[in-house]
Structure formats: structure tokens, C-alpha cells
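Below you'll find the structure, written out as C-alpha cells, and then a few comments.
Every number here is computed from the coordinates shown, using simple stated rules; none is lab data. Just so you know, these numbers come straight off a predicted model, no measurement behind them. All Cβ positions, even for glycine, are placed from backbone atoms using ideal geometry, and neighbour counts span all protein chains on display.
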Amino acid sequence: MISFCGIGLEHPIVNGSGTFDAIAARRAFGDALVTDFPFAAFVSKTVTLAPREGNPPPRLWELGAGMINSIGLPNKGLDGYLEHDLPQLAELPVPLIVNVMGSSADDVARLVGAFGERDEVAALELNVSCPNVQTGLLMGADPGETAALRQPSSTAPTPSR
Ligand SMILES: Cc1cc2nc3c(=O)[nH]c(=O)nc-3n(C[C@H](O)[C@H](O)[C@H](O)COP(=O)(O)O)c2cc1C
């Protein structure tokens, strides 16, 4: 057993967000997925406030040295996730880590607030590969932008650049 952010994990392997669909895998493998789950925690695909269709195909392209992807974060949005996905993911035998993305600190705060109230959710992962629509800065590329996610923009200081 190891401790990760205060969560007890059986081993150190977890999936990358969006690379393993546990709901589809349960449909394919049935309860064997639950009795023999491959990861020590399940990291969800990114959830946004509003539903997203994602990008048109091709979304994946194989290369000699690997692949590139441009999926576009299709998801049901916060309400759809809470209604349809969360109850199914709560049946997994491992802690659930929900990945969220917003295009402003307020959006992120709303997502974090909504999931923070749910006992089914052990932790949150922030997808910060998104520009802040208010400042135009890429959240994860600017330390000030990333730090500003700790408080909604209504109280956050104006970024210096
Ligand atoms: C098909 C696919 C879908 C992905 N979807 C998401 C996603 O929804 N949210 C996210 O934060 N990262 C997403 N990622 C990124 C992965 O979680 C991971 O960060 C990336 O594959 C790099 O992993 P590595 O650092 O282990 O190489 C996706 C990656 C792939 C290949």
C-alpha cells in the first residue's frame, strides 16, 4: 500500500486521463473488470461545465515513433457526468480521481466545488492545458495563471502579463 495525496493505493500505477474508458470496459468485460481492476485508482476523462462534442475525425494518427491525438475533450458536461457516469464509476473497486477543465478560474471553482461535495470522488486532477478566456493566457504554461485557479477571478489579482 502506498499513500498518494493522502489516498491509499494498492500500487503506483494509474491510467492517464482519457486513455481508459472504465464504463466501456465494464460493458466489454463485465464484472471481471471490477474484480480484477488494472489500476490502483481510476482517473476520469476531462469533465467540463458544458457538454462538448470533441473534434471531428481523424482524432488519432499513428506515427513511427508513437501517435498523436486531437480528441477535443468530448464529454457529457458536469450535469451529464453527475447523472450518468458518476454512479457507474462509483462502483469501481478503487479510488476515483476526477479530471476537470475550465476556461476561467470561476469555471474551475464551480467544477471543483461540485465534485468536492461528492463522497464518491477521492481527488481531483486539474487539466490546465486550456487558455483562460478572460486573460488569454494558457493556464498551465504560466505559473501565475495556474496559481490563480486557487481563487475565483472576482477576487484574483490581475495577471501582470
Ligand atoms: C486518446 C487520449 C485521450 C486523452 N484525453 C485526455 C483528457 O480527456 N484529459 C486530459 O487531461 N488528458 C488526456 N489525455 C492525455 C493523457 O492523460 C496523458 O497525459 C498523455 O497521454 C501523456 O501521458 P504520459 O505523460 O504518460 O506520456 C489523453 C491522451 C490520449 C492519448
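Taking 0.36 nm per residue of separation and subtracting the Cα-Cα distance, full extension of the segment from Ile23 to Thr35 would add 2.9 nm. One Cα centroid belongs to region 116-135, the other to region 20-57; the line between them spans 17 Å. Say a paramagnetic label sat at a point 7 Å from the Cα of Ile2, along Cα to Cβ; which residues of region 118-140 have their backbone N under 20 Å from it? Answer for this model: 122-126. Considering only beta bridges that DSSP places wholly inside region 11-128, some 40 percent are antiparallel.
Applying both filters, DSSP loop and at most 16 other Cβ atoms within 10 Å, to the GluC sites (Glu not before Pro) of region 57-161 gives Glu91, Glu117, Glu120.
Approximating the spin labels as points 7 Å out from Cα along Cα→Cβ, the Leu138-to-Asn69 distance works out to 1.9 nm. The rule of thumb for compact globular proteins, 2.2 N^0.38 Å, goes into the C-alpha radius of gyration of the chain 1.11 times. How much of the calculated P(r) for region 6-75 lies past 18 Å, in percent of all Cα pairs? So the portion of pairs separated by more than 18 Å is 55 percent. Along region 88-102 the Karplus relation, 6.51 cos²θ - 1.76 cosθ + 1.60 evaluated at θ = phi - 60°, assigns HN-Hα couplings of 6, 5, 5, 7, 5, x, 10, x, 9, 10, 9, 9, 10, 9, x Hz to successive residues, with x for each Gly and Pro.
Magnitude of the charge dipole for the chain, about its Cα centre and with charges confined to Cβ atoms of Lys, Arg (+1) and Asp, Glu (-1), is about 380 debye.
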